Amino acid sequence: MIQPIVFIVVTITAFGLAFVQYKRIRRNVLLGQDEAIEGPSSERWRNMLLVAFGQKKMFKNWIPAIFHLFIYVAFLLTQIELIEILVDGATGHHRIFAEPLGGFYTFLISFIEILSLLAFVATIIFLARRNLLKVPRFHKPEMKGWPFKDANLILYGEILLIIGIFSMNGADMVLQSMGAEGYHQTGAFAVSSWLGPTLFGGLDAGTLMVIERFGWWLHVLVVYAFLNYLPISKHLHILLAFPNTYFARLTPRGQMKNMPEIQKEVAAMMNPEAAPSSTESQEETMPVFGASDVFHLSWRDLLAAYTCTECGRCTAECPANITGKKLSPRKIMMDVRDRMEEVSKNIDSKDPKFFPESPQTMLPNKLGYDDGKNLFDYISREEIHACTTCNACVEACPVLINPLDIILQLRRYEILVESSGPSDWLPLFNSLENSQSAWAMSTPRDAWNQ
Amino acid sequence: MNRIPTMAELAAEGRQPEVLFWVGCAGSFDDRAQRVTRAFAELLQSAGVDFAILGQEESCTGDPARRAGNEFLFQMLAQQNVAVLNMYEVKKIVTACPHCFNTLKNEYPVLGGNYEVVHHTQFLLQLLKEGRLKVEGGSFKGKKITYHDSCYLGRVNGEYEAPRALLEALDADLVEMKRCRTNGLCCGAGGAQMWKEDEPGDKRINVERAEEALETGASVVASNCPFCLTMISDGVKAKDKQDEVMVYDLAELILNNGAR
């Protein structure tokens, strides 16, 4: 038979191409700084189960949460069906699990069908929400162009997938009722047992077989297309939400990452006798003060950037964005990803111009990469200066992304490496340095206590 | 309010207080926040709490420096504070500023400063529960009060209940704003914004927040942070409602209610 051969070739190609892409993503995430994974793994599993698998944070707003859940559960359970499709495709069988599973098979496929129908409704509602209802967070400046198209494309893909499933099952139902050879009785599937006869009743067996095969191949091909589309799409979250919630920092929200190099230096300044001699403290690599590029961010921040699905819940809650400032936490995540993609493309080109003998950048990276650009070509100073560190974006993210961490790393670079930053902060810094208080006052600190 | 002893004075007598009151820069220097400092101190004194302040040995915790990105300055201030606190063997700290609260609680341990840190709203609630402080008078009974969650007490440190329990003790009619608790809108001062002009935009954040507070129809906005207090007061003023709507810290509300 030619079908199994075609299937095997298509499958190997799809998985092969996907492997190359996912390997590239892994490489890109690891361009970031090492950061140890701290805290108990039980808490990490709990986060992953509740937040990624259980979608706990989605349910802050239950209407989109319910519809999202339909698509998500349908997606998860359809993958069970995919196992059968893979086995059938490679061996030339038809519904190989139907006989051994018996009534449970009917139940399983029926369950998938009901969820697929719900997912179909959800998909239509999501398309309407994006394109007709004008929910503000879907129409911010950073969503213009590709991000907006990307969001719609996956929804169209979802519809194709559902058309595939119901053509396949519906035609099968009619063929079974006709007693066609090779279509063993599976029992009535919940949706296609009535949808099949309604759509395809009265067609001859030959046509029905073509429809059944069309549905089957459409299903397979859409799944393979998804697999290869995810790495260039915001929909990568369906995979990365799991590692991202697992690896999310467990430190208190209010604790900014400490900078041990500066801690040591200040300690030595304050107590010179206790300081280690200069030869001992010689570091092999130059410490990174903040971040001007993706290389200086933690790999977790880079993983988070790939996990972001651009839903914009962060931006909708950001006080700066609400009051018309340029800052949008979602854009920060999108910019980090875009910059990573640019760097990735350049690295893969192996063009020596990206690896100059003496890099111009103030914070070099271990690859010696320098294309004369950095994150500040994507993120403006105005954006990072507008942040109030209120943590609303952190709270809002359904998959535990922390845009604030990136903003603060950029601020650190600006102050510590460039010695720039808002000029309004100079009096604050001077006062803190000279009088240890946030305002320079002529009265003593405890004048109120007289 | 009677004069509060300093840690140094108590140490000279060989004494150590039950708790250190960390005043913070706003509480020390800002006119409006000073009134909160005195109100809270008065409550502590009437409850018979054995407490002291650091006085001139206190420095900024370093919160604004760190969040602006100036880690050097943060480390200088923080390490100096940790040295002072450890010298006096401080065990427990109470502060009326959620930014000081957060830094002392979450950022000093890694620098060798380990203390039990409580926010003044938590401390006051405990005093009420223990019966050391009583709310009488009922001048806020049935009055519409709205409560503004500060970011660093609420979202960052997860304390939403203690301040609300205090309002309940006042018998006030608590009306929540559209955005409250985990969704509470920032007043606009955090992340060292207090010391700089807003970036270009349509509106100031404090005005947006004041509008939400005014929408509730409450005559009092209760706050738990000296920066929120300033920002929201300014926002209310910008809407020209300063004569009808007052912005108070919870300590002031408890004191003005006649707590003894």
Problem set entry | Residue-span extension gain [residue A:261 to residue A:194] - 0.36 nm each, minus C-alpha spacing | 17.2 nm
Problem set entry | Burial order of peptide ranges A:97-107, A:261-271 (average beta-carbon count within 10 Å, highest first) | A:261-271, A:97-107
Exercise. Averaged across the residues of A:404-412, what count of C-beta atoms belonging to other chains lies within 10 Å of each residue's C-beta?
Worked result: 3
Exercise. According to a simple spin-label model (label point 7 Å from Cα along Cα-to-Cβ), what is the distance in nm between residue B:132 and residue B:183?
Worked result: 3.8 nm
For this session: Assign one of three labels to region B:4-49, namely rounded, prolate or oblate, based on the Cα gyration tensor with a ≥ b ≥ c the square roots of its eigenvalues; rounded applies when a/c is under 1.5, prolate when it is not and a/b is larger than b/c, and oblate otherwise.
Result: oblate
For this session: With label points built 7 Å along Cα→Cβ from the Cα atoms of residue A:5 and residue B:176, find their separation and express it in nm.
Result: 6.7 nm
For this session: Report the one residue of B:5, B:95, B:122 whose Cα lies farthest in the direction of the positive end of the charge dipole of chain B (charges on C-beta: Lys and Arg +1, Asp and Glu -1; origin at the Cα centre).
Result: B:122
Problem set entry | Calculated log₁₀ intensity ratio I(q)/I(0) where the Debye formula runs over C-alpha points of region A:301-434, q = 0.13 Å⁻¹ | -0.64
Problem set entry | Packing rank of A:337-343, A:52-58, B:77-83, where each peptide gets the mean count of other beta carbons within 10 Å, highest leading | B:77-83, A:337-343, A:52-58
For this session: Could you work out the relative contact order of region A:79-173, using alpha carbon pairs under 8 angstrom and six or more residues apart, expressed as a whole percent?
Result: 23 percent
Problem set entry | Size descriptor, Kirkwood hydrodynamic radius, that averages inverse alpha-carbon separations across region B:1-108, Å | 14.3 Å
Exercise. Can you give the net charge of the other residues whose Cβ lies under 15 Å from the Cβ of residue A:352, counting K and R as +1 and D and E as -1?
Worked result: -3
Problem set entry | Candidates A:287, A:272, A:359, ranked by Gaussian network fluctuation over chain A, Cα under 10 Å, top entry | A:272
Seminar exercise, completed: Farthest towards the positive end of the dipole of chain A, among A:242, A:152, A:359 and with Cβ unit charges of +1 on Lys and Arg and -1 on Asp and Glu, lies the Cα of A:152
Exercise. So what's the gap between the Cα centers of region B:108-127 and region A:390-450, to the nearest angstrom?
Worked result: 21 Å
Problem set entry | Local electrostatic count, residue A:418, Cβ distance below 12 Å [Lys/Arg +1, Asp/Glu -1] | +2
Exercise. Average partner chain C-beta neighbours within 10 Å, per residue of B:151-158?
Worked result: 5
Seminar exercise, completed: Heads up, region A:18-80 by the C-alpha gyration tensor (a ≥ b ≥ c square roots of eigenvalues; a/c under 1.5 rounded, else a/b over b/c prolate, else oblate) looks oblate
Exercise. Can you pull the mean other chain C-beta count within 10 Å for peptide A:376-387?
Worked result: 3
Problem set entry | Rg over Rh [alpha-carbon atoms, Kirkwood Rh] for the protein assembly as shown | 1.06
Seminar exercise, completed: Residues whose built amide H sits under 5 Å from the amide H of residue B:144, excluding neighbours closer than 5 in sequence, are B:173, B:219
Exercise. Hey, can you rank B:95-105, B:204-214, B:58-68, B:162-172 by average C-beta count inside 10 Å, highest first?
Worked result: B:95-105, B:58-68, B:204-214, B:162-172
For this session: Distance between Cα centroids, region A:336-373 to region A:109-139: provide it in whole Å.
Result: 41 Å
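Values quoted throughout were computed directly from the atomic coordinates according to the rules given, and no laboratory measurement underlies them. As the structure is a computational prediction, the values presented were derived from the model and not from experiment. With ideal geometry, Cβ positions are generated from the backbone for all residues, glycine too; neighbour counts draw on all protein chains shown.
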